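Student: Structure incoming, see below.
Taken together, the values in this text are just the output of simple stated rules run on the coordinates, not laboratory data. As the structure is a prediction and not an experimental result, all values here were calculated from the model. Ideal geometry is used to build each Cβ from the backbone, glycine not excepted, and the neighbour counts take in all protein chains shown.
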Amino acid sequence: MFDIKDLYQEIIVDHNRNPRNFGAIDDADNIMEGFNPLCGDRLKLYIKTEGQIISNIAFDGTGCAISVASASLMTDAMKGKSINNAEILFNNFHELITNDNAVDEESLGKLAVLAGVKDFPGRVKCATLCWHTLHSAIMGDKKTVSTE
Ligand code: FES
């Protein structure tokens, strides 16, 4: 029988193997680094904005399958979004993977494939590494973001 979890798993594997938006943006307005001290993984986020719109976003660095897939899915979802909508998406995504309260998964689109991470508390930081990095970049923080 078709299992939605298998499809989700396939999408995560695909985004880890072929990460979208991987690489630097030469003329980025904002570059922010996220670090998970528990494993040593680091992701760097490159953001280009036009007014209040994220016109381009990419990442590089090294990370586990979940952190890379999450960064790939996040950067795909953020392109063309306003800064305000990016923050709303950040909050909804955070709810999705940390809370049992129902979140409108449809509003999250493909990002909903990471919902299963909630069942593995140790992996939540992997999935949120790039998101906290983006959040800090938007907030204008200057130093590397740490998950601890
Ligand atoms: Fe390092 Fe997942 S194990 S971010």
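Matching residues to (1) within 23 Å of R42 (Cα to Cα); (2) of a type outside the set (V, I, T):
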residue: I57; (1), (2): yes, no
residue: N84; (1), (2): no, yes
residue: H94; (1), (2): yes, yes
residue: V113; (1), (2): yes, no
residue: D119; (1), (2): no, yes
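Student: Filter the stretch 86-136 for residues that are within 16 Å of the ligand (Cβ to nearest atom) and free of Cβ contacts under 8 Å to residues at least 12 places away in the same chain; which is farthest from C39 (Cα to Cα)?
Tutor: Among residues in the stretch 86-136 that are within 16 Å of the ligand (Cβ to nearest atom) and free of Cβ contacts under 8 Å to residues at least 12 places away in the same chain, the one farthest from C39 (Cα to Cα) is D119.
Student: A further question follows. If the Cβ limit is 7 Å and pairs must be 6+ apart or interchain, which residue in the stretch 61-74 that is at positive phi pairs with which residue that is near the ligand (Cβ under 9 Å from one of its atoms) and among the aliphatic types (A, V, I, L, M)?
Tutor: That search, which allows pairs on different chains as well, returns G61/L43.
Student: Can you list residue pairs whose Cβ atoms sit under 8 Å apart, with the first residue in the stretch 33-48 being more than 11 Å from T147 (Cα to Cα) and within 14 Å of the ligand (Cβ to nearest atom) and the second being assigned to a loop (DSSP other than H, G, I, E, B) and not polar (S, T, N, Q)? Count only pairs 6 or more apart in sequence or on different chains.
Tutor: L43/G63; K44/A24
Student: Separate question: Looking only at the stretch 14-36, count how many residues are among the β-branched types (V, I, T) and part of a helix (DSSP H, G or I).
Tutor: Matching residues across the stretch 14-36 total 0.
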